[in-house]
1. Would you be able to tell me the number of residues in the range A:53-77 that are more than 7 Å from chain B (Cβ to nearest Cβ) and either in contact (Cβ under 8 Å) with a residue 40 or more places away in the chain or under 13 Å from the mean Cα position of the chain (by Cα) (or both)?
2. When the range A:17-52 is examined, which residues are found to be more than 7 Å from every other protein chain (Cβ to nearest Cβ) and of a type in the set (Asp, Glu)?
3. What are the residues in the range A:49-69 that are of a type in the set (A, V, I, L, M, F, W, C) and at positive phi, if any?
4. What residue, of B:Lys80, B:Lys56, is in the same structural domain as B:Glu7 (by TED's automatic domain parsing) and more than 28 Å from B:Gln4 (Cα to Cα)?
5. Identify all residues within the range A:4-29 that are surrounded by fewer than 20 Cβ atoms within 10 Å (Cβ to Cβ) and touching a residue at least 24 places away in the same chain (Cβ under 8 Å); write none if there are none.
6. Can you report the number of residues in the range B:48-81 which are small (Gly, Ala, Ser) and more than 22 Å from A:Ser26 (Cβ to Cβ)?
There are 2 protein chains.
Amino acid sequence: MDQQLVEKARTLINANLISTTLSTVSKDYDVNIAVITILEMVDDDAIICARFGADKTYANLKETGKGVFLVLLTPDQHTKDGIRVYVELTEDQQEGEYYDRIRARLDQTSYSHFPLRNCLVFKITDILPVSMHKKTFPAQAGYKKGRPNRPGRRRPTSPMIYRYYYQTARGMKIAGD
Amino acid sequence: MDQQLVEKARTLINANLISTTLSTVSKDYDVNIAVITILEMVDDDAIICARFGADKTYANLKETGKGVFLVLLTPDQHTKDGIRVYVELTEDQQEGEYYDRIRARLDQTSYSHFPLRNCLVFKITDILPVSMHKKTFPAQAGYKKGRPNRPGRRRPTSPMIYRYYYQTARGMKIAGD
């Protein structure tokens with residue numbers, strides 16, 4: 001796995017930001033998403049996670065075992081960053097080393113009064129950035145002779161917009177996958 | 001469905017916030033999540049959505065048809081609000097009324113230069129708040145004689161903390177499900 005993404009994942013996962021979610025699925029393909037805050041990336045391919053509520057998420061993990069964490073950063077309405085960490089449940093501890101470790105982390109948070117029910121242990125199967133959609137430079141891709149000139153499909157003019165296109169032309173990724 | 005939740009969903013979905021995500025799943029239970037911004041709740045039980053990238057999301061929807069939108073609001077590191085809208089794909093338009101409608105919405109955004117590939121039409125199957133975990137008042141639940149007094153399990157003292165507990169005792173929901 002890309003080491004830069006691994007380090008970004010570690011930083012963002014371990015920050016325990018309130019914008020951290022876990023998406024899971026039942027055997028009937030019913031997808032769920034929950035805000036999951038108390039977790040720790042304990043090495044390059046493992047995450048442990050405190051479970052005190054999240055009944056549906058927990059049931060889904062017991063059924064299919066697969067999920068994806070998202071830490072989404074939206075410093076303003078126009079910028080997004082973050083990480084997607086794809087996982088599979090490997091252990092469900094009610095005691096033991098990881099249970100104690102996540103309990104200690106939980107105790108340092110405002111959730112410390114919640115009774116810790118499980119420490120979920122995940123194997124990381126993939127890490128992706130938030131933004132994946134590649135957009136080619138419009139001069140190459142979108143403005144050929146005869147192409148309808150839809151409203152809004154204009155060449156970039158301002159330096160900021162130009163930079164935006166320029167970067168995307170070189171492979172920067174700018175929308176969701 | 002709870003009309004208050006329907007209205008909250010309409011407001012938050014139609015705001016097209018950058019913190020809007022769609023979680024989907026493949027037939028092998030591989031869960032994905034993507035930031036999906038251009039969408040509109042067109043009536044109480046339908047959402048239309050612009051697809052210009054999101055290849056994995058699109059493939060998943062074609063395979064299993066189910067997903068959940070989340071609009072998450074985190075005005076600070078301690079407060080979260082938002083809505084979860086559970087959906088099933090009903091139509092995939094490359095032209096037609098909804099396609100034109102989402103095209104018009106797209107044209108008013110900074111994504112207007114993206115070529116619109118599909119207008120995905122979803123049926124809403126459920127709407128839930130972000131926070132579902134019920135916590136009983138600690139005076140009733142957590143401080144019985146003989147119960148270990150773990151660090152962090154303290155009675156609330158400040159008015160703010162008291163209010164927090166008090167509201168949760170009356171059914172306010174405060175963590176992820």
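1. The number of residues fulfilling the criteria is 5.
2. A:Asp28, A:Glu40, A:Asp43, A:Asp44, A:Asp45
3. A:Ala54
4. B:Lys56
5. Matches in the range A:4-29: A:Leu5, A:Val6, A:Lys8, A:Arg10, A:Asn14, A:Ala15, A:Leu17, A:Ser26, A:Lys27.
6. Total satisfying the criteria: 3.
The values are calculated or read from the model by the stated rules, or taken from the named source; none is laboratory data. Here the structure is a predicted model, which is why all the values come from computation and not from measurement. Here the Cβ is made from the backbone with ideal geometry for all residues, glycine too, and neighbour counts use every protein chain on show.
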